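One structure below.
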Amino acid sequence: MTPKTTPLPRNPTNRRAFLKELLAGAVTASLLPLGLPAAAHASSTALNVVPLDDHLRLITGAGGNVLVAETAEGLLLVDGGNAASSSELLKLLGKVRPVRVLINTHWHPDQTGSNEALAKGGTKIIAHANTKLWLSTEIDVQWQKKVYPPRPAIALPTEILYTQAKLDFGGTKLEYGHLPQAHTDGDLYVFLPERNVLFTGDVMHAHAYPIVDWSTGGWIGGMTNAARKLLDVADASTRIVPGLGPVQTKADLQAQFDMLDVVRGRLIALLKQGMSAADMIAAKPTAEFDAKWGDPTLLIRNAYPGLWAHVREHGGIL
């Protein structure tokens with residue numbers, strides 16, 4: 001499906017200025033990744049860009065990663081960063097072309113912070129149906145001890161999907177699909193086959209244990225299944241853009257899958273022994289992975305409620 005928009009004339013001068021400013025990292029914004037310890041929030045950083053090709057860029061420093069595709073019909077974004085960075089991000093992007101399409105990989109504020117501002121300018125917002133439901137209601141994220149109010153109606157996705165879809169926007173082809181009950185219950189991956197670039201959202205983090213948001217349907221079994229699905233999409237040359245951090249490879253994704261598969265099995269075994277989340281943390285089921293992935297406390301603590309939510313799938317407990 002191609003949005004019915006009138007291509008705008010190119011302005012080479014503006015485009016060169018845009019690239020120069022992006023590459024210089026001239027915009028300051030807060031880096032506030034969801035779920036990380038408060039100490040990681042203390043400093044600020046500039047918006048930076050990683051050119052993936054002449055018309056595809058990764059912008060970091062706006063909360064979550066933002067993927068920008070420039071086409072003759074305008075810009076397409078995958079995720080829009082957090083609200084604190086939205087004004088500067090959109091000001092910068094607006095120097096080239098208007099943003100016509102935004103894909104939300106899930107509901108979290110570091111991905112949907114630009115929804116309202118973009119929607120006011122007529123941007124089409126695409127997301128999974130569950131993401132729209134979460135954005136339209138109050139969300140009690142118990143592991144964060146935080147309640148998120150409903151978002152304004154204008155910030156809600158205007159086009160939803162349930163399984164998979166394809167889009168040809170200004171000659172840029174995308175394939176995107178649902179990763180059920182992984183990081184949340186509304187996660188999407190976005191694949192650009194002609195560029196061989198795969199955007200995973202927060203189903204993958206670089207160099208850190210992924211976050212399982214059990215309050216909105218995520219669980220470690222779904223994260224494992226999602227990594228398996230993404231491995232089927234990628235090949236050895238695919239550039240994989242995680243929800244946070246630098247571009248990764250299929251080998252990096254394979255490492256995450258292997259880790260999750262082992263840890264999931266161990267946690268299920270510990271659950272069958274009657275262990276609490278604190279008992280599981282003390283048992284150190286991730287010991288050989290911690291040097292690479294960091295502190296496993298949040299992963300295990302958040303995995304525990306999801307294990308109980310899917311307890312009938314494990315066998316031998318109920």
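Looking at the structure I just gave you, is ARG15 charged (D, E, K, R) and at pLDDT below 95? Quick ask: steps written out before the conclusion?
Values: charged (D, E, K, R): yes; at pLDDT below 95: yes.
It is true that ARG15 is charged (D, E, K, R) and at pLDDT below 95.
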Of the residues in the stretch 91-119, those that are surrounded by fewer than 19 Cβ atoms within 10 Å (Cβ to Cβ), at pLDDT below 95, over 17 Å from ALA46 (Cα atoms) and charged (D, E, K, R) come to LYS95
Here are ALA251, ALA277, ALA255, ALA283: which of them is surrounded by 14 or more Cβ atoms within 10 Å (Cβ to Cβ), small (Gly, Ala, Ser) and within 30 Å of PHE191 (Cα to Cα)? ALA255
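Just to verify a result, which residue in the stretch 63-90, among those that are among the hydrophobic types (A, V, I, L, M, F, W, C) and over 13 Å from LEU118 (Cβ atoms), is surrounded by the fewest Cβ atoms within 10 Å (Cβ to Cβ)?
Residue satisfying both the conditions and the ranking: ALA72.
So that you can scan it fast, the table gives a plain yes or no per residue for (1) β-branched (Val, Ile, Thr); (2) in contact (Cβ under 8 Å) with a residue 60 or more places away in the chain; (3) closer than 29 Å to GLU175 by Cα:
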position	(1), (2), (3)
ASP235	no, no, yes
GLY243	no, yes, yes
PHE257	no, no, yes
ARG266	no, no, no
GLN273	no, no, no
LYS292	no, yes, no
THR297	yes, no, no
ALA309	no, yes, no
HIS314	no, no, no
I'm told LEU92 meets every condition in (1) closer than 19 Å to PRO51 by Cα; (2) part of a loop (DSSP other than H, G, I, E, B); (3) touching a helix residue (DSSP H, G or I) at 6+ places or on another chain (Cβ under 8 Å) except one. Can you identify the failing condition by its number? (2)
Restricting attention to the stretch 32-66, which residues are touching a strand residue (DSSP E or B) at 6+ places or on another chain (Cβ under 7 Å), modelled with pLDDT under 90 and either part of a helix (DSSP H, G or I) or small (Gly, Ala, Ser) (or both)? SER44, ALA46
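Criterion first (assigned to a helix (DSSP H, G or I) and either touching a residue at least 24 places away in the same chain (Cβ under 8 Å) or crowded, with 20+ Cβ neighbours inside 10 Å (or both)) does MET223 satisfy it?
yes
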Only one of LEU307, LEU267, LEU230 is among the hydrophobic types (A, V, I, L, M, F, W, C), touching a strand residue (DSSP E or B) at 6+ places or on another chain (Cβ under 7 Å) and surrounded by 19 or more Cβ atoms within 10 Å (Cβ to Cβ); which? LEU230
Among (1) surrounded by fewer than 21 Cβ atoms within 10 Å (Cβ to Cβ); (2) at pLDDT 95 or above; (3) of a type outside the set (Phe, Trp, Tyr), the one test that ALA208 misses: (2)
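The values are calculated or read from the model by the stated rules, or taken from the named source; none is laboratory data. All of these numbers come straight from a predicted model, not from anything done at the bench. Please note: Cβ atoms are built from the backbone with ideal geometry, for glycine as well, and neighbour counts cover all protein chains shown.
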